[in-house]
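Student: Can you keep this structure in mind? I'll have questions shortly.
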Amino acid sequence: MSALLGCIADDYTGATDLSSMLVRAGLRVIQCFGVPDDPNTVKDVDAVVVSLKSRSITPDAAVAMSLAALEFLKSLGAERFFFKYCSTFDSTARGNIGPVADALADALRARTVLFCPAFPENGRTVYCGYLFVDGVLLDESGMRKHPLNPMTDSSLVRVLQSQSIRKVGRLPLYESSVSARQELSQGASGDVSEHLIADAITEQDLRRVAELARGHVFLTGGSAIARYWAETLQFARSSNMPLEPSQRNGSKGCVILAGSCSIATRQQVVEFEKIYPVQHVDLATAPSTEAAISQAVAWCQSQWAQPNQTNPLLVSSSARAEMVDAARSKFGEQAAAALAENFFAGLAQSLQRLGVNRFIVAGGETSGAVINALGVTSVRIGREIASGVPWITSTNQPWLALALKSGNFGGPRFFFDALELAT
């Protein structure tokens, strides 16, 4: 049994998803945002998850950040390492999954590396190397039109091979465990450097892949396989008691910040708006980011000023398709995304100064911007709201609780479910 499981995630919501799965396995988990300056801040845990914003940056920058995270985890005494990316394999022809995995594998001298993004519980399955989302091929799902990393090829072998200098193959679903284990064991220490896309349709398939990776120092995938790998390697030393989201006297309650353009988040906003107040911000027509923030803050204050107002509030920049299209047309894809991040970062800071200490954030990039803006350095993992989405509590600001949701995660009533668990 290793002393510590070291994990590197390529975005903040994905890291929280991973942390939640490790808690399911009974591990005590701390999630750090970026590489901490002081290793002594991480104590009494079974796993450390370093969250990076490396999914959509240049490959060279992503590799440098990931290697720095690896060195930090090594300094803590980690002996096994996991690289987490999205279960929909969000990436481009240049990366960043392939370049980061290549660099980490080289640093750890790992010859054969398994890639297992499958997350059956959330409808992500892999068969014959092809990724399906709720039974639909990846390139026929909503991911084909993802604003930052559109996925137009369902073959993970082709996608990864376009990014990696290593040979990319498959670990078939029905290959016998004995022969597969022998081959993987030889590959892990032999002269051949290769990546293998693992088929997995069911939870039992994930357990099988985890067992095949028992002797590996390095594994990659979605959060689901990390849970079973941790169980297989018996990392947990004590059960982790989920933390309750904290509340502080004088708090204004909960504000939901929805920056995701995903279909799932848009549906969640529509459901929420049937009962509670929602402010739709049109960033394409706002005079400036500061003006948009001031407008949103003024709206929140007007809501709080109403007699006996205790309702949660929601601010969205992307629930209405025409607003999103207008911003993209005016600024371009990347600039529009950066504008939304800056807006929500500034809004979160302003709301925190007014007494808000509970946020629900929809969208990976939005979550990263909010976490950085609020000065959160690391968190402990609390109660799970939906599969892979827990409440988290800041270690350096214990009154501050957040729920960070990947855009595609959660059912239509996710925001209601989150609020119920926060009371």
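The values are calculated or read from the model by the stated rules, or taken from the named source; none is laboratory data. Quick caveat, the model's predicted, so the values are computed rather than measured. Cβ placement follows ideal geometry from the backbone for every residue including glycine, while neighbour counts extend to all protein chains displayed. Surface areas here come from the heavy atoms of the whole protein model, side chains and all, with no ligands, DNA or RNA. Shrake-Rupley method; radii C 1.70, N 1.55, O 1.52, S 1.80 Å.
Student: If you take the Cα atoms of the range 303-412, find Rg, then find the Kirkwood Rh from the mean of 1/r over all pairs, what is Rg/Rh? Mind showing how you got there, number by number?
Tutor: Details: Rg = 15.0 Å, Rh = 15.2 Å.
Ratio of gyration radius to Kirkwood radius: 0.98.
Student: Leaving ligands, DNA and RNA out of it, report the carbon-plus-sulfur percent of the accessible area of the range 1-46 at a 1.4 Å probe.
Tutor: 43
Student: Roughly how many Å² of LYS274 are accessible to a 1.4 Å probe, to the nearest 10?
Tutor: For LYS274, solvent-accessible area is about 140 Å².
Student: Please compute the length gained on full extension between SER350 and ARG214, using 0.36 nm multiplied by the number of residues separating them and subtracting their Cα-Cα distance.
Tutor: Working: separation 136, 0.36 × 136 = 48.96 nm, distance 4.74 nm.
Working it through step by step, the gained length comes to 44.2 nm.
Student: Within the range 395-413, list the residues whose amide N lies under 13 Å from a label point set 7 Å along Cα→Cβ of ASN40.
Tutor: none
Student: Between ILE201 and SER75, what FRET efficiency comes out of the Förster formula 1/(1 + (r/R0)^6) with R0 = 30 Å and r the beta carbon distance, rounded to 0.05? Working shown, then result.
Tutor: Working: r = 38 Å, r/R0 = 1.28.
Approximately 0.20, to the nearest 0.05.
Student: Right, another one. So how many Lys-Lys pairs in the chain land under 18 Å Cα to Cα, not counting same-chain pairs under 8 apart? Walk me through the numbers on the way to the answer.
Tutor: Working: LYS43/LYS74; LYS53/LYS84; LYS53/LYS405; LYS74/LYS84; LYS84/LYS405.
Qualifying lysine pairs in the chain: 5.
Student: Taking the Cα-to-Cβ direction at ALA298 and at PHE416 and moving 7 Å from each Cα, how far apart do the two end points lie in nm?
Tutor: 3.3
Student: Something else: What is the set of long-range amide H partners of GLU194 at a cut-off below 5 Å, with H atoms built 1.01 Å from backbone N?
Tutor: Counting only residues 5 or more places away or on other chains, the set is THR112, VAL113.
Student: Let me ask something else about it. Which chymotrypsin sites (Phe, Trp or Tyr not before Pro) in the range 105-150 sit in a loop by DSSP (not H, G, I, E or B) and have at most 14 other Cβ atoms within 10 Å of their own Cβ? It would help to have the intermediate numbers written out before the result.
Tutor: Details: sites: PHE115, TYR127, TYR130, PHE132; in loops: none.
Passing sites in the range 105-150 do not exist.
Student: Loop only per DSSP, at most 11 neighbouring Cβ atoms within 10 Å: give me the chymotrypsin sites (Phe, Trp or Tyr not before Pro) in the range 24-105, ordered by residue number.
Tutor: Working: sites: PHE33, PHE72, PHE81, PHE82, PHE83, TYR85, PHE89; in loops: TYR85, PHE89.
Qualifying residues, ordered by number: none.
Student: Another question about this same structure. What percent do you get for the relative contact order of the chain when only Cα pairs under 8 Å and 6+ apart count? List each step's numbers first, then the result.
Tutor: Values: 937 pairs, mean separation 83.9, N = 423.
Across the chain, relative contact order equals 20 percent.
Student: Report the label-to-label distance for TYR127 and PHE331 in nanometres (one decimal), using points 7 Å from each Cα along the Cα→Cβ vector.
Tutor: 4.1
Student: Name the most mobile residue of VAL126, VAL48, VAL278, meaning the one with the largest mean-square fluctuation, in a Gaussian network model of the chain with Cα contacts below 10 Å.
Tutor: Looking only at VAL126, VAL48, VAL278, the largest GNM fluctuation is found for VAL278.
Student: Please compute the Kirkwood hydrodynamic radius of the range 74-133 from all pairs of different C-alpha atoms, in Å with one decimal. Don't skip to the end; give the middle numbers.
Tutor: On the way: mean 1/r = 0.0759 Å⁻¹.
For the range 74-133, inverting the mean 1/r across all distinct Cα pairs yields 13.2 Å.
Student: Which FRET efficiency, nearest 0.05, do GLU194 and ASP134 yield, Cβ-Cβ r, R0 25 Å? Kindly include the intermediate steps, with their values, before the conclusion.
Tutor: Numbers: r = 30 Å, r/R0 = 1.20.
Here the calculated transfer efficiency is 0.25.
Student: Pull up all non-local amide H partners of SER154: gap of 5 or more, or a different chain, and H-to-H distance under 5 Å with H placed in the peptide plane.
Tutor: ASP139
Student: Give me the 1.4 Å probe accessible area per residue for the chain, excluding ligands and nucleic acids, in Å².
Tutor: Values: 16330 Å² over 423 residues.
Ligands and nucleic acids excluded, the result is 39 Å² per residue.
Student: Also, I was wondering about something else. How far, in degrees from 0 to 90, does helix 97-108 lean away from the longest principal axis of the Cα atoms of the chain, to the nearest 10?
Tutor: Rounded to the nearest ten degrees, it is 50.
Student: Still on this structure: Give me the net charge of THR202's neighbourhood, meaning all other residues with Cβ under 11 Å from the Cβ of THR202; Lys, Arg count +1, Asp, Glu -1.
Tutor: Values: positive: ARG207, ARG208; negative: GLU121, ASP199, GLU203, ASP205.
Around THR202, the surrounding residues sum to -2.
Student: Using the Karplus curve 6.51 cos²θ - 1.76 cosθ + 1.60 with θ = phi - 60°, what ³J(HN,Hα) values do you get for each residue of the range 336-353, in whole Hz, with x for Gly and Pro?
Tutor: Residue by residue, the range 336-353 yields 5, 5, 5, 4, 5, 4, 5, 4, 5, 4, x, 5, 4, 4, 5, 5, 5, 5 Hz.
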